[in-house]
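Written out below as structure tokens is the structure these notes cover.
The values are calculated or read from the model by the stated rules, or taken from the named source; none is laboratory data. All of these numbers come straight from a predicted model, not from anything done at the bench. Note that each Cβ is placed from the backbone with ideal geometry, even for glycine, and that neighbours are counted across all protein chains shown. Calculation scope for accessible area: heavy atoms of the full protein, side chains included, ligands and nucleic acids excluded. Shrake-Rupley method; radii C 1.70, N 1.55, O 1.52, S 1.80 Å.
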Amino acid sequence: MRFQHFFTLLSGLVECMFFAGVLFGWASLVFVLKNEKYFQDLCPSPGNQSINATDSCSQQDEQFSLIFTVAGLVNNFVTLPCGYIFDHFGTAVTRFIAISIYTVATILIALSNEDIAIVLFPALALLTTGGILLMITNMQVGNLFGSHRSTVITLYNGAFDSSSVVFLIVKVLYQNGVSLRTTFLFITCCSVWHIARTLFLMPNTFFPYPLPEGYSYGLKCKKNNASKPTTISNGEEDLAIKTEEGQLSINSTSLLETKDVSFISCVRSSLFWFHFIWLSVMQLRHYMFIATLNPTLTRLSGGDPLTVSHYTNVFAVSQFCGILCAPWNGIIIDRFKGKYKDSTADLHSCVVSLAITATQCMLFSISATLSILPAFYATFILQVLNRSFLYGGNAAFLSIAFPNQHFGKLFGLVMSLSAVVLLLQYPAFYIIRTHLQSDPLYVDITLLILGLLAFIHPINVFRVCKKKAVSRE
């Protein structure tokens with residue numbers, strides 16, 4: 001049984017690392033698409049344009065940035081319905097929907113060309129939708145590992161970040177003679193892997209938390225997995241969550257400890273709204289950086305293709321390190337739990353994690369404002385470190401602060417709401433192109449100032465924990 005748990009963990013890491021978050025390697029794929037002349041007809045003199053992947057053409061760059069923006073917005077907006085699908089239908093149904101969407105996306109990209117470049121808009125949107133569905137179903141694997149739950153959740157988010165290296169692999173294969181079509185047809189065939197994992201290594205409904213003794217899952221799952229409701233001592237309330245064959249009464253680890261806490265009650269709490277602000281301002285900073293990376297490198301390098309290719313590769317490789325950075329956030333949360341003995345221990349442990357993440361974002365934003373190429377090495381390191389902490393901390397906080405049965409919906413809602421903030425990208429692109437001569441310096445400074453809002457969240461969590469402790473005394 002223990003072996004099955006670890007194999008589920010490892011296979012899930014492979015799935016998240018190579019499929020779920022490939023969108024964030026967009027800068028590498030843009031290099032290939034420019035070589036394939038996608039949207040080159042938008043440039044002033046198409047006949048005089050070389051096929052260099054770094055030729056400066058603001059209209060073409062804006063189109064590629066718009067594709068990433070739309071896909072990023074979809075990535076966030078669809079998380080809410082995806083969360084509802086997962087909470088209502090369970091793991092198996094959600095994963096088969098995800099596999100179908102992902103397969104359609106990879107086929108569309110494989111069949112695309114410069115004449116129908118517009119197909120990239122729905123293709124990337126579907127690709128990110130399928131990826132986020134796979135990610136949501138995988139985060140529950142942390143329930144198999146008890147006290148290391150937060151570490152596993154953040155590890156999966158790190159793997160999600162690392163999957164951006166896939167588009168670097170696509171770029172390298174392309175430069176060695178493998179066509180874009182061949183690569184994406186191969187990725188399409190990998191759907192067999194997702195199907196096999198759904199059938200043999202995932203539950204039909206959900207992994208319960210805490211895990212009942214003798215619990216099994218997959219095609220050979222036992223019919224007696226559900227435990228009878230148990231009475232929780234020490235005055236702590238019971239919360240019901242779905243298991244494979246029924247209901248399991250669990251001990252609430254959230255601060256919202258009233259019985260049968262409603263989804264609306266969770267949404268109305270200050271914990272949720274300050275968490276939304278914390279996530280939104282930092283996520284906007286990251287999306288803007290990725291979307292403007294290729295044109296910024298082009299401008300600073302004077303259009304030198306070798307320089308742009310080099311820094312694009314360094315960026316993609318740095319993203320692969322996300323899986324090494326993210327678990328540290330979970331370790332911080334799990335370690336700090338032991339320092340607090342009351343019922344708010346789990347939530348109290350998030351304060352340090354949230355504050356560290358906000359500080360990382362400030363350092364990343366400062367580095368991103370430096371308009372010199374060597375500074376990008378430090379910027380890439382800070383970006384992948386902060387991004388890993390950001391998304392891993394987002395999932396871990398929601399799983400700790402709120403009842404387990406609302407995780408999918410709350411995760412989806414906060415991501416969807418943050419997508420509204422991401423709409424600021426497009427006017428920012430317009431300002432950069434028309435008023436700032438393609439230099440995003442002033443936009444970067446604005447994002448740096450907005451990042452200060454992220455520090456409100458850990459302060460509020462600390463305040464709520466103290467207030468709860470005083471009221472109990």
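Find how much the distance from ILE331 to PHE186 grows on full extension, using 0.36 nm per residue of separation minus their present alpha carbon separation; answer in nm with one decimal.
Difference between extended and current length: 48.6 nm.
Based on the mean of other Cβ atoms within 10 Å per residue, sort peptides 272-282, 198-208 so the most packed one is first.
By packing density, highest mean first, the sequence is 272-282, 198-208.
So what is the relative contact order for the chain, in percent, with contacts set as C-alpha pairs under 8 Å and at least six apart?
23
Report the extension gain between LEU173 and SER147 in nm, rounded to one decimal, defined as 0.36 nm multiplied by the number of residues separating them, less their alpha carbon distance.
Taking LEU173 through SER147 to full extension adds about 5.2 nm, to one decimal.
Average projected area of the Cα convex hull of segment 1-145, in nm²?
With every direction weighted equally, the projected area is 9.6 nm².
Any chance you could look up the accessible area of ASP41 with a 1.4 Å probe, heavy atoms only, rounded to 10 Å²?
That residue has around 110 Å² of solvent-accessible surface.
Return one quarter of the surface area of the convex hull spanned by the alpha-carbon atoms of segment 71-162, equal to its mean projected area, in nm².
Orientation-averaged projected area of the Cα hull: 6.5 nm².
When ligands, DNA and RNA are left out and all protein chains stay put, how many square angstrom of accessible area per residue does the chain have with a 1.4 Å probe?
Per residue, the chain has 39 Å² of solvent-accessible surface.
Using alpha carbon centroids, what distance separates segment 1-43 and segment 309-383, in Å?
Segment 1-43 and segment 309-383 have Cα centres spaced 21 Å from each other.
Once both labels are modelled 7 Å past Cα along the beta-carbon direction, what's the SER270-PHE200 spacing in nm?
Those two pseudo-labels are separated by 5.1 nm.
Helix-only mean residue ellipticity at 222 nm, the chain, DSSP H runs n ≥ 4 weighted -39,500 (n - 2.57), per residue, nearest 500. What is it?
Per the formula, -21500 deg cm²/dmol.
What order do you get for 117-123, 154-160, 98-104, 188-194 when each peptide is scored by the mean count of other beta carbon atoms within 10 Å, highest first?
154-160, 98-104, 117-123, 188-194
Can you pick out the pairs among LYS409/LYS467; LYS37/LYS409; LYS409/LYS466 whose Cα atoms lie more than 32 Å from each other?
From LYS409/LYS467; LYS37/LYS409; LYS409/LYS466, over 32 Å: LYS37/LYS409.
Please provide three numbers in whole Å: the alpha-carbon extents of the chain along the principal axes, with the largest listed first.
76, 48, 32
At a threshold of 8 angstrom on Cα-Cα distance, excluding pairs fewer than six apart, so keeping six or more, what relative contact order does segment 282-391 reach in percent?
Dividing the mean separation by the residue count of segment 282-391 yields 34 percent.
Hey, what angle do you get for helix 91-111 against the long axis of the chain, alpha-carbon based, 0 to 90 degrees rounded to 10?
0
By how many nm would the segment from TYR84 to LEU111 lengthen if fully extended, with 0.36 nm per residue of separation less the alpha-carbon distance?
Taking TYR84 through LEU111 to full extension adds about 6.5 nm, to one decimal.
What is the calculated FRET efficiency for ILE445 to ALA92, with r their C-beta to C-beta distance and R₀ = 60 Å, to the nearest 0.05?
Result of the calculation: an efficiency of 0.80.
State the percentage of accessible surface on the chain attributable to carbon and sulfur atoms; use a 1.4 Å probe and exclude ligands, DNA and RNA.
67
Hey, how many Å between the Cα centroid of segment 97-121 and the Cα centroid of segment 397-473?
Result: 31 Å between the Cα centres.
Within the chain, what's the longest run with no trypsin sites (Lys or Arg not before Pro) in a DSSP loop and at most 10 other beta-carbon atoms within 10 Å? Give the range, please.
Between the exposed loop sites, the longest stretch runs 1-219.
Enter the angle in degrees (range 0 to 90, nearest 10) between the Cα long axis of helix 165-175 and the first principal axis of the Cα atoms of the chain, meaning the one along which they spread out most.
Between helix and principal axis, roughly 30 degrees.
Ranked from the most accessible area to the least, with a 1.4 Å probe and all protein chains present, what is the order of GLU15, GLU114?
Heavy-atom accessible area, descending, gives GLU114, GLU15.
How far is helix 425-434 tilted, in degrees, relative to the longest principal axis of the Cα atoms in the chain, given as a value from 0 to 90 rounded to the nearest 10?
That helix lies at roughly 20 degrees to the long axis.
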